[in-house]
């Protein structure tokens, strides 16, 4: 789960990590009052979760209060388009004003989970302010990585490896070590999957300040961080995805025309691939889970049918824990209740498959029953 | 012959008195698995059906000689449950639980390094040696005992689909297992492939991967160097949009890494028979394996 920069900076401040003096603004009426209290130069930063906001025009460095106010007027309420948002962009609902700091040097610093090595990796670079993937490609020698055993925590020699690797002067080294230790503790305390500070500024006063802050929290850990869970901002997500999540359904909207409902994530992905291979585009990923019941099937139907692009539905269920007869009853009930008008291909296999097929056949509904997956693929092609 | 479990495996269930625990215990017993004990702290001395329940894994092992554990406890307690099984010295721990925080699994993975316990999962359907022993939540009847095919997968229901097709074309299975859909897991593809290579009864392997990480690429390179048994590979997620987590915590394409296309290419380069259309997997296996 991503959180906003201003939220991440709240966590930083709480942890004792220095961030620029800043104020959050969520309506245009507040702009004048906020700006009058701050000393320029000011950074005006759109608070959106999508990456690439700087290049999209969501961040302005203003030399004067007037310039900052003008920038804020135009950014707040705009549809910000970045490489991660799609053509429609996302609505900027909040702005962060920050006072400029005298930057002597810009560094890059991040901490993340290394899934291959099953440890924590710290990545630092002297090329701050740049896209780290670009640095990794063009000048990999500028990147220093340190792997930390999660059982042993961050050791002094590992911090020194970064300090010497970045050629930090003694006075800066002390503040950097302090920041890194606090950042590592924050990472572990809040079950982060990534924290990134880019740029991390070294000031004239030998301080290190987090000019930006990106924090990703492991969604599976939210049961032990209810306060973080409350930070979840769904406004940039697809409303259908938000609705599906509320019903405990794993749904991702795509731009095709064939909706699908599947039990299990791997089979759901493979089903999307199968739809594509049949020459049509999948409208969604929907995993109703292994323990799905009739109610979840109905909710799944409702979500798929709310997508106006959908022209047909493919249900692919391998009955294990979820028995085919239960699934079939759910499908029939939902189709009746929702007055289903789209063509539906149902492919079931596994536990109680014969009973399931019988229920579908006797329902009197226009449900097309597929034998195996190859048969289902050809039925899908015919459907359109 | 089979890998990791056979007729000597004595199984205990952690979380046996829970709803899921009871249901799947009965399913496994019905399949013929030798379930000797259950563990639910505080319910020691009780029985679930005829199975004795203990307060700890250590006590269950001591009293019943259990050699393997199936873990069916909720995510907040699952990491600890794995460590308890490791500490009690079981040979095999199979963790079905989905949704364990990543940092918990990092600690477990590092904490059990060098210990004798093999962990399968978490977030997996488990392992089955058809006709002999089932430690997992997969539907038993779709399997066909006697080999010659070993199946290893990152998925659950997708594995059932694959097994079902194998059975339909008359290809039985030696052992089928899901290694789990989480970013940090115990047993990986290479561990399973290596065991299949060394298992006399297994004559061919189906490997089912999905987007995210680079386990499939590593496995493909390993196969080219170390295996002389034919391998058919399938990857789910060709149509997955980048940057989105496709249900499984580990199924995400990030910065162009972990794509299905990249994994399929790695498989092809390393001599694996790639199955592009899931509906034709059974037929392809029949052509390649027989």
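The values are calculated or read from the model by the stated rules, or taken from the named source; none is laboratory data. Everything numeric in this text was worked out from a predicted model, so none of it was measured. As a convention, Cβ positions derive from the backbone with ideal geometry for all residues, glycine included, and neighbour counts pool all protein chains shown.
Numerical summary
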| item | result |
| --- | --- |
| Odd one out for residue B:174, checked against (1) on the phi < 0 side of the Ramachandran plot; (2) in contact (Cβ under 8 Å) with a residue 40 or more places away in the chain; (3) within 13 Å of chain A (Cβ to nearest Cβ) | (3) |
| Residue match in region A:128-151 (condition: in contact (Cβ under 8 Å) with a residue 40 or more places away in the chain, more than 14 Å from every other protein chain (Cβ to nearest Cβ) and within 22 Å of residue A:187 (Cα to Cα)) | yes |
| Residues located in region B:246-272, provided they are surrounded by fewer than 19 Cβ atoms within 10 Å (Cβ to Cβ) and more than 14 Å from chain A (Cβ to nearest Cβ) | B:262, B:265, B:268, B:269, B:270, B:271 |
| Some residue of region A:61-69 being within 21 Å of residue A:19 (Cα to Cα) and either assigned to a loop (DSSP other than H, G, I, E, B) or within 19 Å of the chain's Cα centre (by Cα) (or both) | yes |
| Entirely in region A:305-384, the strands (runs of 3 or more DSSP E) that have 1 or more residues that are over 36 Å from the mean Cα position of the chain (by Cα) | A:367-370 |
| Failed item in (1) within 14 Å of chain A (Cβ to nearest Cβ); (2) without any contact (Cβ under 8 Å) to a residue 60 or more places away in the chain; (3) touching a strand residue (DSSP E or B) at 6+ places or on another chain (Cβ under 9 Å), with residue B:238 passing the rest | (3) |
| Criterion (without any contact (Cβ under 8 Å) to a residue 12 or more places away in the chain, out of contact with any strand residue (DSSP E or B) (no Cβ under 6 Å at 6 or more places or on another chain) and within 14 Å of another protein chain (Cβ to nearest Cβ)) met by exactly one of B:183, B:141 | B:141 |
| Among the residues listed as A:194, A:188, the single one being surrounded by fewer than 19 Cβ atoms within 10 Å (Cβ to Cβ), farther than 15 Å from residue A:109 by Cβ and within 14 Å of chain B (Cβ to nearest Cβ) | A:188 |
| Selection from region A:283-292 of residues that are at pLDDT below 95 and within 20 Å of residue B:235 (Cβ to Cβ) | A:287 |
| Selected residue (only one of A:68, A:32, A:62 is at pLDDT 95 or above, farther than 30 Å from residue A:173 by Cα and out of contact with any strand residue (DSSP E or B) (no Cβ under 7 Å at 6 or more places or on another chain)) | A:32 |
| Failed condition for residue A:378, given (1) away from chain B (no Cβ under 14 Å); (2) surrounded by fewer than 17 Cβ atoms within 10 Å (Cβ to Cβ); (3) within 22 Å of residue B:282 (Cα to Cα) | (1) |
| Test: residue A:279 is touching a residue at least 60 places away in the same chain (Cβ under 8 Å) and assigned to a loop (DSSP other than H, G, I, E, B) | yes |
| Residue among B:200, B:261, B:266 that is in a loop (DSSP other than H, G, I, E, B) and either without any contact (Cβ under 8 Å) to a residue 12 or more places away in the chain or more than 16 Å from the chain's Cα centre (by Cα) (or both) | B:200 |
